[in-house]
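What follows is a single structure, written as structure tokens, with notes after it.
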Amino acid sequence: MRKRWSLLAAVLLVLSLAFGGSGCRREEPTIEHVVLVSVDGLMPASYLEPDRYGLRVPTLRRMRNEGAYSEGMLSVFPSLTYPAHTTMVTGVPPGRHGIVTNLAWDPLGRNQGGWRWYAADIRVPTLWQVAYAKGLRTAMVWWPVTVGAQATALLPEYWRASTAEDAKLLRALSTPGLLEAVEKKFAGFSERFLAPFKDDETVTDVAVYMLETLRPHLLLLHMAQVDHWQHEAGPLAEPARQAIENADRQIARLIEAAERAGLWEKTALIVASDHGFAPTTRQVRPGVWLREKGLLTLDAEGRVTDWRAVVVAHSGSAFVYVRDEQDATTQAEVLELFRTAAARPENGIARLYTREDIVALGGDPEAFLALEAAPGFALKSGYAGEVVRTVAVRGEHGYPPAQEAMRAALLIYGPAIGAGRINNARMIDLAPTIAAWLGLPFAHAEGRPLELPQRNPR
């Protein structure tokens, strides 16, 4: 009898521990807050092989070891910042959400180099719109294509003259009083914010303030320094490594802010990038061939005055547009021109894509052709000067997303997230994943919630 009671007591003890000691099952961690941080251009090698590059990234290491990670997330076509960031928050490819390139459509150059800054140009619902409509608190910091976005708090990504005057413009476009409040909290913020280039510490100051005061359900933050220095010096070059280490410090600040605000136990932190990088030493201007063929005309200052065909280049690829959809003669000329150019390896064109190919890749359905740059080459804008030139080593992106070098980073971390690898991650899957966590309707997405590693019970 004594043994029987001892066995019963042991069983009751196990059940008590398993169910939290009170007869009720211990609640699993839930996700009520999502922080999505884009470290522009971050390559998966930064957390998969940090020792190989001498990277001091304790935060990324912890996320890699204790959270879920991808060895390379599939980006979009072309693998550019604005199309990719819009896919992250819509769950559809660029050809459907409408942000098909960084630069706004402007064949005659009248928009003075304007980008696709405006949220009004997105053709499908975004995470922040759906969340805001449901009454959730939303916050965006330097996130692309958010000028005019409806959110609880907003600092949009925007510039015009790239001078200190832009700071005044950003104050007018941001949530009233936001920047003034951040200035009171962080020493030196005002001076850093006046600079034309917004460094990662500056935008993180704003995000930290939002976490601690607004306690948003959805926070989007874009850090741009890693991308900047990889363009300037090449993938994972010394200046880029310093930028990666700085981004790591800023991510740590976000975790600490979420902890101080009492949010961390119900927060999922996503660190993602929009694309990878490839080294290049030669630049090609395919637009020069169009001018030489008489398919466009320039004025004395080199500006396009009329055109039958134009090129919009984005380094790893380029779209070719024909003005008149019914102009079979021009279409034939353009096709023959680029077929001939691609047949010569020294021209740096690896492949031509038809409109059907472009649509299948999720690119701009209005483009007549797409050009893919060969390894070591980058396709650039311009209709005058030499076609091919040699330059110092630079980093570039914009190539088709299937290329290994274009794979984007993805780490997901938090109390509710299991540890292990995320297989077959795609950028179109991020928005449906976040929507499912926050209980948001998101039926329009083409992606699906990511299959994450199961969390081990504690």
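The values are calculated or read from the model by the stated rules, or taken from the named source; none is laboratory data. Fair warning: this is a prediction, and the values are worked out from it, not measured in the lab. So basically every Cβ, Gly included, is an ideal-geometry build from the backbone, and we count neighbours across all protein chains shown.
Could you check the range 122-151 and list, in sequence order, the residues that are of a type outside the set (A, V, I, L, M, F, W, C) and surrounded by 19 or more Cβ atoms within 10 Å (Cβ to Cβ)? Quick ask: steps written out before the conclusion?
Within the range 122-151, the subset of a type outside the set (A, V, I, L, M, F, W, C) is 123, 125-126, 129, 132, 134-135, 137-138, 144, 146, 148, 150.
Within the range 122-151, PRO125, THR126, GLN129, THR138, PRO144, THR146 qualify.
Go through the residues of the range 223-244 one by one and say whether even a single one is surrounded by fewer than 23 Cβ atoms within 10 Å (Cβ to Cβ), more than 22 Å from GLU256 (Cα to Cα) and modelled with pLDDT under 95. Checked against the condition, which is being surrounded by fewer than 23 Cβ atoms within 10 Å (Cβ to Cβ), more than 22 Å from GLU256 (Cα to Cα) and modelled with pLDDT under 95, the range 223-244 yields no hits at all.
A quick yes/no check of all residues on (1) under 30 Å from VAL89 (Cα atoms); (2) surrounded by fewer than 21 Cβ atoms within 10 Å (Cβ to Cβ); (3) out of contact with any Asp or Glu (no Cβ under 7 Å at 6 or more places or on another chain); (4) at pLDDT 95 or above:
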residue: LYS266; (1), (2), (3), (4): yes, yes, no, yes
residue: ASP274; (1), (2), (3), (4): yes, no, no, yes
residue: GLY287; (1), (2), (3), (4): no, no, yes, yes
residue: LEU290; (1), (2), (3), (4): no, no, yes, yes
residue: GLY302; (1), (2), (3), (4): no, yes, yes, no
residue: ALA313; (1), (2), (3), (4): yes, no, yes, yes
residue: ALA318; (1), (2), (3), (4): yes, no, yes, yes
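Can you tell me which residue in the range 19-75 is nearest to ALA268 (Cα to Cα), limited to those that are part of a loop (DSSP other than H, G, I, E, B), of a type in the set (D, E, K, R) and at pLDDT 95 or above? For the range 19-75, the residue satisfying everything is GLU32.
Out of all the residues in the range 207-222, which are surrounded by 23 or more Cβ atoms within 10 Å (Cβ to Cβ), of a type outside the set (Val, Ile, Thr) and assigned to a helix (DSSP H, G or I)?
In the first step, residues of the range 207-222 are kept if they are surrounded by 23 or more Cβ atoms within 10 Å (Cβ to Cβ); the result is 207-211, 216-222.
Restricting the remaining residues to those that are of a type outside the set (Val, Ile, Thr) gives 207, 209-211, 216-222.
Scanning the range 207-222 gives ALA207, TYR209, MET210, LEU211.
Of all residues in the range 317-338, those that are touching a residue at least 12 places away in the same chain (Cβ under 8 Å) have Cβ atoms under 8 Å from Cβ atoms of residues that are among the polar types (S, T, N, Q), 6 or more apart or on another chain, in PHE319/THR101; VAL322/THR330; VAL322/GLN331; ARG323/THR330; ASP324/THR330.
Select from the range 226-248 the residues that are of a type in the set (Gly, Ala, Ser) and part of a helix (DSSP H, G or I) and write down the one among them that is nearest to the chain's Cα centre (by Cα). Even if it seems obvious, please write down each step before you answer.
In the first step, residues of the range 226-248 are kept if they are of a type in the set (Gly, Ala, Ser); the result is 233-234, 237, 240, 243, 247.
Next cut, part of a helix (DSSP H, G or I) only: 233, 240, 243, 247.
Numbers: ALA233: 20, ALA240: 17, ALA243: 16, ALA247: 15 Å.
Ranking the candidates gives ALA247 first.
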